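The values are calculated or read from the model by the stated rules, or taken from the named source; none is laboratory data. All values reported here derive from a predicted model rather than from experimental measurement. Cβ coordinates were reconstructed from backbone atoms using ideal geometry, including for glycine residues, and neighbour counts include every protein chain displayed. Quick note on the areas: whole protein, heavy atoms, side chains included, nothing else; ligands and nucleic acids left out. Shrake-Rupley method; radii C 1.70, N 1.55, O 1.52, S 1.80 Å.
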Amino acid sequence: MPDYKLIASQIEALAEIDQDFVPVLSNAAALLDEAMERINWVGFYLLDKGSLLVGPFQGKVACVRIEIGKGVCGTAVEQGKVLRVEDVHAFPGHIACDSASRSEIVLPMRSGGKAVGVLDIDSPEKARFTQEDELGLAQVVAALEKVTDFSRLRL
Ligand code: SME
């Protein structure tokens with residue numbers, strides 16, 4: 001199990017240099033990719049003019065734009081809650097960017113009371129993400145929400 005608390009504090013330390021969402025989220029994706037085993041994609045989709053636009057990530061080439069309410073990411077934004085999908089093949093409307101993905105966790109991020117995007121992590125293993133991962137990743141998202149400057153987004 002990764003030390004999610006350590007990752008959250010590393011994100012906060014890096015953000016002391018610059019809070020802009022590009023460097024903060026890029027380094028967050030890199031930290032998570034290094035720390036988490038059995039994942040094949042980790043990154044961000046960010047609100048842009050009413051839909052989700054791919055942001056900083058580690059992994060294979062990804063879908064560029066996702067409508068709110070579509071796929072696991074768009075559904076998580078619409079419902080404003082974490083979605084932990086044990087088998088993506090059983091999720092209606094799942095968007096397969098990397099055909100190796102079997103399970104997925106998506107955590108919405110908010111700033112100033114508004115949805116700003118999601119943290120999305122995919123795994124080639126069914127039911128990869130546990131309740132403990134969800135709690136740890138929620139700490140990471142809380143750190144990101146606290147320190148990241150999302151003001152350049154085109155909400
Ligand atoms: N599977 C996601 C799309 C993004 S990729 O996993 C990187 C979804 O259904 O929203």
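Within the range 4-147, what whole-number % of the accessible surface is contributed by carbon and sulfur, with the 1.4 Å probe and all protein chains included in the calculation? Before the final figure, lay out each step's value.
On the way: 3430 of 6700 Å².
In the range 4-147, the share of accessible area belonging to carbon and sulfur is 51 percent.
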Identify the GluC sites (Glu not before Pro) of the range 1-55 meeting these criteria: DSSP loop state and at most 16 other C-beta atoms within 10 Å of the C-beta. GLU16, GLU37
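State the extension gain, in nm to one decimal, for the chain segment bounded by HIS89 and GLN139, taking 0.36 nm per residue of separation less the distance between their alpha-carbons. Provide the component values of the computation, followed by the final result.
Numbers: separation 50, 0.36 × 50 = 18.00 nm, distance 2.80 nm.
Gain on stretching HIS89 to GLN139: 15.2 nm.
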In whole percent, the Cα-Cα distances of the range 1-45 spread across 10 Å bins from 0 upward as 27, 55, 17, 0
Compute the distance in nm between two label points, each set 7 Å from the Cα along the Cα-to-Cβ direction, one at ARG65 and one at ASP3. 4.3
How many percent of Cα pairs in the chain exceed 27 Å? 13
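Suppose accessible area is computed on protein heavy atoms with a 1.4 Å probe; arrange LEU31, LEU137 from highest to lowest.
Values: LEU31 35, LEU137 0 Å².
Per-residue accessible area, sorted high to low, gives LEU31, LEU137.
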Assigning unit charges at the beta carbon (Lys, Arg +1; Asp, Glu -1) and nothing else, what dipole magnitude in debye, to the nearest 20, does the range 4-147 show about its Cα centre? 380
In the range 73-155, if every C-alpha pair distance is counted and binned at 10 Å from zero, what percent goes to each bin? 18, 47, 28, 7
Of all DSSP beta bridges with both partners in the chain, the antiparallel percent, nearest 5, is 95
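Roughly how many Å² is the accessible area per residue of the range 4-147, as a whole number, for a 1.4 Å probe? Show your work: numbers first, answer last.
Working: 6700 Å² over 144 residues.
With the other protein chains kept in place, the range 4-147 gives 47 Å² per residue.
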A chain fully extended from ILE17 to THR130 at 0.36 nm per residue, minus the present Cα-Cα distance, gains in nm 37.4 nm
Please give every one of the lysines within straight-line cross-link reach of LYS70, meaning a C-alpha to C-alpha distance under 29 Å, and leave out same-chain neighbours fewer than 8 residues apart. LYS49, LYS60, LYS81, LYS114, LYS126, LYS146
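Suppose only helical runs count, i.e. DSSP H with n ≥ 4. What mean residue ellipticity at 222 nm does that imply for the chain under -39500 (n - 2.57) per run, divided by all residues and rounded to the nearest 500 deg cm²/dmol? The partial results should precede the final answer.
Working: 4 runs with 53 residues, N = 155.
When only DSSP H runs of four or more count, the value is -11000 deg cm²/dmol.
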Cβ-defined net charge surrounding GLY71, 14 Å radius [Lys, Arg +1; Asp, Glu -1]: -4
Net charge, ALA62 excluded, C-beta distance under 11 Å - Lys, Arg +1, Asp, Glu -1: -1
